[in-house]
Structure formats: C-alpha cells, structure tokens
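Working notes, structure below.
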Amino acid sequence: MKINRELCDICGTCVAVCPVDAIIVSEFRVDIDNEKCTNCLNCLKVCPIKAIEEDE
Amino acid sequence: MVQDRYDIVVIGAGPAGSVAARFAAENGASVLMLERDREPGIPVRCAEGVSHNGIAPFIDVDQRWIANRIDVAKLHSPNGETANMYNNGLGYVLERRVFDTALCELAAKHGAHLITKADALDLMWENGKITGVKYKYSGEIRSVKCDIVIGADGVESRVGRWAGIKTAVRLEDIDTCAQHTLTDIDIEKDTCEFYFGTKVSPGGYIWIFPKSDNTANVGIGLSGHLSHPKGPKTYLDEFVQKRFPNAKITYTMYGGVPTAATLNEIVKDNIMLVGDAARQVNPITGGGVVQAMIAASIAGKVAAQAVKEKRFDVKFLKEYRKEWDKRLGKTQKTMFLMKEKFINMKDERFNRIVEFCQKIPRDKFSLKALFTEAVKGDPKLMMAVAKAFIVSKIKMK
C-alpha cells in the first residue's frame, strides 16, 4: 500500500482497522510497513480523504 | 525535571490520558504523561459536543474552553421533516484546544509530569514483564521505567498492540469522519442539528454543532463498511454546498471514531488502556470525551492503589474493568446493539422515527423516547434500552 502524503491528514483512522499492526503514525507522518501488510485494503476503505492507494 | 523512573507512565495527553494521570497523581502515584504532538488537544479531531452533566464531575466549568451552550437537538429525516428535542439537559460545544490543556494543567497541579513532542515507540520488557516505555524526544531515543503503563493513545492506539492485546476493529465498527468549521452561516445558536439517511450519510449522520451565532462544526461520520469509494469528504461537501452555499471554511479535519464494543482486554499485567484506545466511545453517538474521562478516573484510581499495594498483575488491575462495567458497561453494550441496527437502517425507518418524534409532547421528548422508538419491533432491544436509561438515570443522581 502507498500513502499519498499530499492528502494524508495523519488522523490514524487506518491504524485502528489494520489487522496486522503494519501502520505507524508519528507527529508528522504515517508509514505502512509493506513487509507486514497483507493487502486486506481495510485502511484504503476507511481513509476519510482517500490518501491510501494500492501499489501498482 | 523529568525523572528516569515513575510509578506510572501515561501515553497520550488527551482527556483520557490527562484524567487518568490526574487521578493517579491525586492518589499518591508518581506519573509521567507522554504526548506525541507539540501541544495537547491539537490538532483537534472532534465535533466538540458534550453534556454539562458529563464533564462537570471532572473539572470546574470554565468559559475559557466553552464556545457555546446548547439546549435543543434538531433531527432531520431523509424526507426533510424535522423534530426538536428539548429534554437532554444543558450541552456545550467545547474549544478542545483549550479544554485539553486545562485538563493537563489539572493533572500537573496534582503532581503529574508532562512532556510534549514525546513519541512513544515501544514498551520495554524484562523477563516477560513490561518495565517501561521507549520514546523519541527531539530526535533522541529515551527510555523511562515504570510499573504501570496506561495507554491513552487514541483511535490509532498501538500501546495495546505492543502488549499483545487485539485492538483492531471491524470496518463496521469505525466511523470515518470529516469536519469543516464553517463561518458566515445561518444557524440557530442554541440548537445542534443531525441529518440522517442513506443518501446523506450511510451508516452514520451529519452534525451541526454551533460554536457561535454564525460559526459551527459541521461534520459527517460514515460507517467504515459503507464509506468506500465515495468517502466522507465528498458527502460532506455535497451537504455543505446545499445547506450553506455561502459558508467560508476556517478549519478542516479528518478522523476516525471507534464505534466498537469496549475491548475484551483493557488490562494485562502492568498495563491498562483507556478512552478511544480501549474502544470506550458511545457506539451510537460516537461521543467519547465523557466516556474516556469516566474510564480514566477509574483507571487512575486503581493504578494508584496498585502502586500502594505493589500489585501490578492483571488480577489486581482488573478492578478497573469491573468498575467500568458497573458504571457504563451495560449502557455501552446496549448502545452497541442499537448501533448494529442503526448502521443498516433504511430511509423509511428514519422518516417514521422523526414522524413519531413530532407527535411526542415537547416535555416528554428525550433520547430515551427516541431510542425506544428506534428499536420498536425488537422487544429484547427495547427492554435493554429501557434498562440502560434507568441505570444511567440512577447514576446521574
């Protein structure tokens, strides 16, 4: 998964629905650990601003 | 000065964290709060509506953090009908920026320490036991030892995950939200408004919480499983364009509200979770400030007692769980069951509920009447609602 940093508001909604603890929020950015990510798309579906995209 | 050891470290300095810290410190424990952001309460991710009765037990009401007083709730059905509710007691629209800092000051007054821009990174362990917290401060990795960690790190909580607690919620159990603070709009200052319907806000609602006679927080929460692909921002912008075409936006924010039932595990050896991190939000309204403060006051007291008795095991800390279930557990459970119905309600049902509400005499129309109507046709749930309200009424007194 990929985060569009121009859009991301760093709200952390994605973290709550991640089943594998692959998302980390710090003060100024959100990071997705693609090694842990299982591509369930939960984060993409709940992101309020559609800042998460699937990798090509 | 920050010490390298405390009895209790609280992660997060929102209402949950600062109230937990205050009650722990007040009862004799040494407490450190770690706040990731530069200032508590910022950025605001909240509609800012609370009831007077909800917050009054925790802090003296101060005009510095009250934007506006609310007396009326107006419900809008999908077919454009409205019903006004007058009997829910005094409400406030807060200035969370100021409110959160005031709660931290109260914790500090009772002896708690606070560091901002302190980003918790992980728990520290020794022989399978939690012994402290690792955090980043000014680009430097630091550690602090403690006997109890209180995770008050919000919807994006990771403290629980570090301790092996399952905190992930289903898509049905999170509301994905967007909110504008609008100015130069035409509203009734003493009235908060709610819009329901599958076209306006699937599985959730739109709110208008006035902050003055011409400004308001106007926001939307959609159930996570119905949000994709349109998302809350598009729904909100459509609504604003229709209802407030000349509005100016002074603030925009996004966020998530967990509408799950309280986690099965909110305590383990040496650890407690409070507030959004423990999923203690009211699942139907999405309100979490008061719930967090109630939970945190219990957790803080139990933690302080644990320090006195040097008992940091889950068996002792479970007292917090027991007390939470006694205070709000049943209400939360009922609200959760109602939410399960609510998120899939059809527009006709909303229309009928508002139509019914219009017929209730003004002095009899309360949330209880509303909820009872909303669950009509489900006797079990009706009983649960009635019980939940009886319980909460007794507790108010």
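One table, with the values for the structure above:
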read-out	value
Within the accessible area of chain B (1.4 Å probe), percent carbon and sulfur	52
Chain B, relative contact order in percent, only Cα pairs under 8 angstrom and at least six apart counted	20
Among B:LEU103, B:ASN127, B:LEU381 the positive-end extreme of the charge dipole of chain B (Cβ point charges)	B:LEU381
By accessible area with a 1.4 Å probe, ligands and nucleic acids excluded, highest first: order of B:HIS228, B:HIS180	B:HIS228, B:HIS180
Solvent accessible area, Å² - B:ILE141, 1.4 Å probe, full protein context	100
Residues whose placed amide H lies under 5 Å from that of B:THR198, excluding near-sequence neighbours	B:ASP347
Magnitude of the charge dipole, the protein assembly as shown, Cβ model with Lys/Arg +1 and Asp/Glu -1, debye to 20	1500
Three-way shape label, chain A, alpha-carbon gyration tensor, a/c 1.5	rounded
5 angstrom amide H check on B:GLY49, placed H, neighbours 5+ away	B:LEU94
Selection from A:CYS14, A:ILE49, A:CYS37 lying farthest towards where the dipole of the range A:2-53 points positive, charges on Cβ	A:ILE49
Calculated FRET efficiency for the pair B:GLU126/B:SER212, C-beta based, R₀ 60 Å, to 0.05	0.65
Within the range A:6-33, backbone nitrogen closer than 18 Å to the virtual label 7 Å beyond the Cα of A:GLU53 toward Cβ	A:6-10, A:30-33
Charge sum, other residues only, whose C-beta stays under 13 Å from B:ILE141's C-beta, Lys/Arg counted +1 and Asp/Glu -1	0
Stokes-Einstein D in µm²/s, Kirkwood radius over Cα pairs - the protein assembly as shown at 37 °C with 0.692 mPa s viscosity	148
Distant-in-sequence amide H partners of B:TYR205 (H built 1.01 Å from N, under 5 Å)	B:GLY221
Stokes-Einstein D in µm²/s, Kirkwood radius over Cα pairs - chain B at 25 °C with 0.890 mPa s viscosity	114
Alpha carbon convex hull of the range B:35-164, projected area averaged over orientations, nm²	11.5
Calculated from backbone phi, Karplus (6.51, -1.76, 1.60) coupling profile of the range B:168-175 in Hz, x at Gly/Pro	5, 10, 6, 4, 5, 9, 9, 9
Interface residues in the range B:155-187 - accessible area drops by 10 Å² or more relative to the isolated chain, probe 1.4 Å	B:VAL155, B:GLU156, B:ARG158, B:ARG161, B:ALA168, B:VAL169, B:LEU171, B:ILE174, B:THR176
Integer Hz, Karplus 6.51/-1.76/1.60 couplings in order for the range B:355-364, x for Gly and Pro	4, 4, 4, 4, 8, 6, x, 3, 7, 9
The range B:136-203: mean projected area of Cα convex hull, nm²	9.7
Sequence of B:LEU337, B:LEU370 from largest to smallest accessible area, 1.4 Å probe	B:LEU337, B:LEU370
Packing rank of B:152-163, B:70-81, where each peptide gets the mean count of other beta carbons within 10 Å, highest leading	B:152-163, B:70-81
Gyration tensor (alpha-carbon) shape descriptor, the range B:343-396, a/c threshold 1.5	oblate
Accessible area (Å², per residue) of chain B, counting only protein heavy atoms and a probe of 1.4 Å	43
Karplus-derived 3J(HN,Hα), 6.51/-1.76/1.60, for each residue of the range B:20-30, Hz, glycine and proline x	4, 4, 4, 5, 5, 5, 4, 9, x, 8, 8
Cα-based helix-to-principal-axis angle, B:231-243 vs chain B, degrees rounded to 10	40
Nearest-ten-degree value, helix B:379-396 long axis tilted from longest Cα axis of chain B	60
About the Cα centre, charge dipole magnitude for chain B (Lys/Arg +1, Asp/Glu -1 at Cβ), debye	1060
Shielded by partner chains, the range B:208-240 residues - at least 40 Å² of accessible area, 1.4 Å probe, vs chain alone	B:HIS228
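The values are calculated or read from the model by the stated rules, or taken from the named source; none is laboratory data. Every value quoted in this text rests on a predicted model; they were computed, and no experiment measured them. So basically every Cβ, Gly included, is an ideal-geometry build from the backbone, and we count neighbours across all protein chains shown. With ligands, DNA and RNA removed, areas are computed over all heavy atoms of the protein, side chains included. Shrake-Rupley method; radii C 1.70, N 1.55, O 1.52, S 1.80 Å.
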